[in-house]
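Asker: Questions regarding the structure given below will be posed in turn.
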Amino acid sequence: ANFSFSVPAITQADYTILETLLLNASSFDLFVKTEADTFKLETAVITNGSFVIERSRPLSLQITGEAAKLERGVSFTGTSPISSRSYTIPTIDITLNNSSVNDIVSVTMELQNEVSWTKYSTVNDAISATTMYPSGFTLSKKILAGSITQYLTDGNASNALSFDTDASLTIKAGNGLSNNAFRGFSFGPATCTFTNRINIGNVFTQNYDWRLTDNTASLSSLLNYATD
């Protein structure tokens, strides 16, 4: 079974469980309740999480995943949703090789968890003669990468068509960048590779397509979704 959904990165801590499940690639049961029915995705895992960052728009987290089994018509009583939500309109602060990256259009960060499902080699645990579900999964690797889109100006044109295999990158997108009450997405500082490409359109822009290469620290210490 496959699933996908998007949630706003609110300042309350209700959705931080998604970050934990994404970073740890932990299995969980996902319930989807509609007016018509309730569905259960058993032994689910998040295979892709995109941290969407755009100026003047609330931060959001897009989730994609897979599950071993899908059931329909299950019984589930969840907690009541929070009565009010505070959305995070970001101020974006990016440092690349100790230099600030200005004139930013948008930023993306994406974590991919590559998993392999464990298939049954016999029918011993089959529900019927023709129905078998994976017993679990193994995580083969994690890939954290993203892109920074910047307006091309006289001040940053010297960076066009450049690349680096050992660049230090820090990204902060959220509220409260000038004080201790930061809320939003933060990444780094961490060692990355990047390639700079120019985009030609109504307005000239350039993209820094980057990928994390630092394996000396855990992802939970490099990537964070901070709330109140």
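Asker: Do we find a residue being over 27 Å from LEU212 (Cα atoms) and open to solvent by 60 Å² or more (accessible area, probe 1.4 Å) anywhere in segment 87-95?
Answerer: Yes: segment 87-95 contains one or more residues that are over 27 Å from LEU212 (Cα atoms) and open to solvent by 60 Å² or more (accessible area, probe 1.4 Å).
Asker: With the requirement that a residue be part of a strand (DSSP E or B), under 19 Å from THR138 (Cα atoms) and either among the polar types (S, T, N, Q) or touching a residue at least 60 places away in the same chain (Cβ under 8 Å) (or both), what does segment 1-28 give you? Before the answer, list the steps.
Answerer: Keep residues of segment 1-28 that are part of a strand (DSSP E or B), which gives 2-8, 28.
Subsequent filtering for residues that are under 19 Å from THR138 (Cα atoms) retains 2-3, 28.
Matches in segment 1-28: ASN2, PHE3.
Asker: Exactly one of (1) surrounded by fewer than 18 Cβ atoms within 10 Å (Cβ to Cβ); (2) assigned to a strand (DSSP E or B); (3) touching a residue at least 60 places away in the same chain (Cβ under 8 Å) is unmet by PHE51. Its number?
Answerer: Here PHE51 meets the rest and fails (1).
Asker: Looking at this structure, is SER6 over 30 Å from THR131 (Cβ atoms), in contact with a Leu (Cβ under 9 Å, 6 or more places away or on another chain), polar (S, T, N, Q) and open to solvent by 40 Å² or more (accessible area, probe 1.4 Å)? Before the answer, list the steps.
Answerer: Working: over 30 Å from THR131 (Cβ atoms): yes; in contact with a Leu (Cβ under 9 Å, 6 or more places away or on another chain): yes; polar (S, T, N, Q): yes; open to solvent by 40 Å² or more (accessible area, probe 1.4 Å): yes.
Answer is yes for this residue.
Asker: Follow-up question, since we're still on this one. When SER135 is evaluated against the numbered criteria (1) modelled with pLDDT of 85 or more; (2) over 23 Å from the mean Cα position of the chain (by Cα); (3) surrounded by 10 or more Cβ atoms within 10 Å (Cβ to Cβ), which criterion, by number, is the only one it fails?
Answerer: Unmet for SER135, out of (1) modelled with pLDDT of 85 or more; (2) over 23 Å from the mean Cα position of the chain (by Cα); (3) surrounded by 10 or more Cβ atoms within 10 Å (Cβ to Cβ): (1).
Asker: A follow-up question, please. With the condition kept exactly as written, say whether any residue in segment 16-29 is open to solvent by 40 Å² or more (accessible area, probe 1.4 Å), of a type in the set (Val, Ile, Thr), closer than 26 Å to SER221 by Cβ and under 22 Å from the mean Cα position of the chain (by Cα).
Answerer: yes
Asker: So, one more: Could you grab the pairs with beta carbons closer than 8 Å, sequence gap of 6+ or different chains, first residue in segment 154-172 and at negative phi, second one among the aliphatic types (A, V, I, L, M) and open to solvent by 60 Å² or more (accessible area, probe 1.4 Å)?
Answerer: ALA160/ILE198
Asker: Considering each residue of segment 44-75, count those that are within 24 Å of THR131 (Cβ to Cβ) and modelled with pLDDT of 95 or more, and give that number.
Answerer: Result for segment 44-75: 6.
Asker: Could you check segment 59-86 and list, in sequence order, the residues that are surrounded by 12 or more Cβ atoms within 10 Å (Cβ to Cβ) and part of a strand (DSSP E or B)?
Answerer: Those that are surrounded by 12 or more Cβ atoms within 10 Å (Cβ to Cβ) and part of a strand (DSSP E or B): SER60, LEU61, GLN62, ILE63, THR64, GLY65, GLU66, ALA67, ALA68, LYS69, LEU70, GLU71.
Asker: Within segment 29-39, is there a residue that is over 28 Å from GLY176 (Cα atoms), in a strand (DSSP E or B) and of a type in the set (A, V, I, L, M)?
Answerer: Step one: of segment 29-39, the residues over 28 Å from GLY176 (Cα atoms) are 29-39.
Checking which are in a strand (DSSP E or B) leaves us with 29-33, 38-39.
Narrowing further to those that are of a type in the set (A, V, I, L, M): 30, 32.
Among the residues of segment 29-39, at least one is over 28 Å from GLY176 (Cα atoms), in a strand (DSSP E or B) and of a type in the set (A, V, I, L, M), which makes the answer yes.
The values are calculated or read from the model by the stated rules, or taken from the named source; none is laboratory data. As the structure is a prediction and not an experimental result, all values here were calculated from the model. Quick reminder, even Gly has a Cβ in these numbers, built from the backbone with ideal geometry, and neighbours come from all protein chains shown. Heads up: the accessible areas ignore ligands, DNA and RNA and are worked out on the full protein's heavy atoms, side chains in. Shrake-Rupley method; radii C 1.70, N 1.55, O 1.52, S 1.80 Å.
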